[in-house]
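Notes for the one structure printed next.
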Amino acid sequence: MAEQALKRVRTRHFARAKEQGIKITGLTSYDVLTAQIFDEAGIDFLLVGDSAGNTVLGYDTTLPVTVDDLIPLTRGVVHGVKRALVVADMPFGSYETGPDEALHTAFRFMKETGAHAVKLEGGVRSAEQIRRIVAAGIPVMGHIGFTPQSEHGLGGHVIQGRGESADALLADAKAVEEAGAFAVVLEMVPAEAARRVTEALSIPTISVGGGPHCDGQLVVWTDWAGLSSGRIPKFVKQYADLRSVLMDAALAYRADVESGAYPDADHSYEDDTAEQALQERAN
Ligand SMILES: Nc1nc(=O)c2c([nH]1)NC[C@@H]1CN(c3ccc(C(=O)N[C@@H](CCC(=O)O)C(=O)O)cc3)CN21
Ligand SMILES: CC(C)C(=O)C(=O)O
Ligand SMILES: [Mg+2]
């Protein structure tokens, strides 16, 4: 939405952006330092994704991630933002049994982290959960198409909404909108199916591998910054090469320590009482 002057991004600004044809930008974040940078850059929302399972905790999937894992990470992100809207991702096993469980989990994120909204996976199957959370005054972001928490049920990282299943995707999108969500993520769906959903909904669609016709875009920041190891999804465009930046720094540091070049006098303390007096006055 790019209005850096906005004091704080609110869910109403998502609706306004769609009406005005202004794109919405999002990145994941899992800590205060990246949250500060992305917020200062004017990114509209930060998702504390259960992708932390992959990017922070080293798991192969998001399935083992718990609410207790994500709460301290979400708190860190909330502390880093002044403007961006922070969305807490509800992990696998924290909302599926029904609206009561879903609301309980949403309350935990809102009370214990200061997040501004929650996200959960599923369209028709999660509509009652979304409805209950929204009724309690908590904004919900939906997530349909490829839903990583159902990776085993879906048979891998499979593109959703191809061919005849485009109708099911649209039904999921309508269910999420009707339940009161303020936006919906479309993950790994063909661009034309995403266009159809985007035109059919009044709430903004957020692409994660959903092509160019959505109302906004989201990406896992460690993939986007070239920090992730191993394969990254085809839909990710890499904007930096942090892995090689940090590798070069670690190699140079190691060489300096091993050779004795670091630490040197400039990075050491002297037993100097005059300098100490100056420092105490400064403190
Ligand atoms: N680091 C990271 N990036 C993500 O985008 C991400 C996560 N973690 N964790 C949660 C989910 C899982 N997602 C994924 C994971 C892998 C593919 C992937 O490998 N896609 C392949 C095609 C499918 C395949 O052959 O497995 C691709 O080339 O796009 C896609 C989405 C998206 N999310
Ligand atoms: C990939 C996005 C949509 C997500 O759910 C996450 O980062 O956990
Ligand atoms: Mg997620």
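Bear in mind that the values in this text are calculations on the coordinates, not laboratory data. Worth saying up front: this structure is predicted, and the values here are computed from it rather than measured. For neighbour counting, all protein chains shown are included, and Cβ atoms are generated from backbone atoms with ideal geometry for every residue, glycine included.
Observations
- Compactness index (Cα Rg / 2.2 N^0.38 Å), region 72-179: 1.12
- For the chain, calculated [θ]222 nm from helices alone, where every DSSP H run of n ≥ 4 adds -39500 (n - 2.57): -12500 deg cm²/dmol
- Exposure proxy ranking for MET247, MET90, based on other Cβ atoms within 10 angstrom of each Cβ and starting from the fewest, stands as MET247, MET90.
- DSSP bridge orientation in the chain - percent antiparallel, rounded to nearest 5: 0
- Taking amide hydrogens as placed 1.01 Å from N in the peptide plane, the amide H of SER207 sits under 5 Å from those of LEU186, ASP215, GLY216, GLN217, LEU218, each at least 5 positions away in sequence or on another chain.
- Helix 99-113 vs. the chain, principal-axis angle (Cα, 0 to 90°, nearest 10): 20
- In degrees, nearest ten, helix 242-259 long axis to first principal axis of the chain (Cα): 20
- Remark on GLY142: its backbone amide H falls under 5 Å from those of PHE182, ALA183, VAL184, VAL185, a criterion applied only to residues 5 or more positions apart or on other chains, H modelled at 1.01 Å from N.
- Of all stretches in the chain that contain no trypsin sites (Lys or Arg not before Pro) in a DSSP loop with at most 14 other Cβ atoms within 10 Å, the longest one is 83-161.
- Between helix 166-178 and the chain: long-axis angle, C-alpha atoms, 0 to 90°, nearest 10: 80
- ³J(HN,Hα), Karplus 6.51/-1.76/1.60, whole Hz, each residue of region 191-205, x for Gly, Pro: 4, 6, 5, 5, 5, 4, 5, 4, 6, 7, 9, 8, 8, x, 9
- Residues in region 76-83 carry Karplus couplings, in order, of x, 5, 4, 5, x, 9, 10, 10 Hz; the curve used is 6.51 cos²θ - 1.76 cosθ + 1.60 with θ = phi - 60°, and Gly or Pro positions show x.
- Eligible lysines near LYS234 by straight Cα distance, threshold 21 Å, same-chain separation 8 or greater: none
- Prolate/oblate/rounded call for region 46-126, Cα gyration tensor, a/c under 1.5 rounded: oblate
- With the alpha-carbon atoms of region 205-283 aligned to their principal axes, the span from lowest to highest coordinate is 66, 35, 13 Å, starting with the largest.
- Longest exposed-site-free window of the chain, the sites being chymotrypsin sites (Phe, Trp or Tyr not before Pro) in a DSSP loop that have at most 12 other C-beta atoms within 10 Å: 1-238
- Checking every one of the GluC sites (Glu not before Pro) in region 191-283 against DSSP loop status and a limit of 10 other Cβ atoms within 10 Å picks out GLU270.
- 10 Å binning of all Cα-Cα separations within the chain, expressed as whole percents from 0 upward: 6, 27, 33, 17, 8, 6, 3, 0
- Checked against a 27 Å cut-off, the cross-linked pairs LYS111/LYS174; LYS18/LYS237; LYS23/LYS174 give Cα-Cα distances beyond that limit for LYS111/LYS174.
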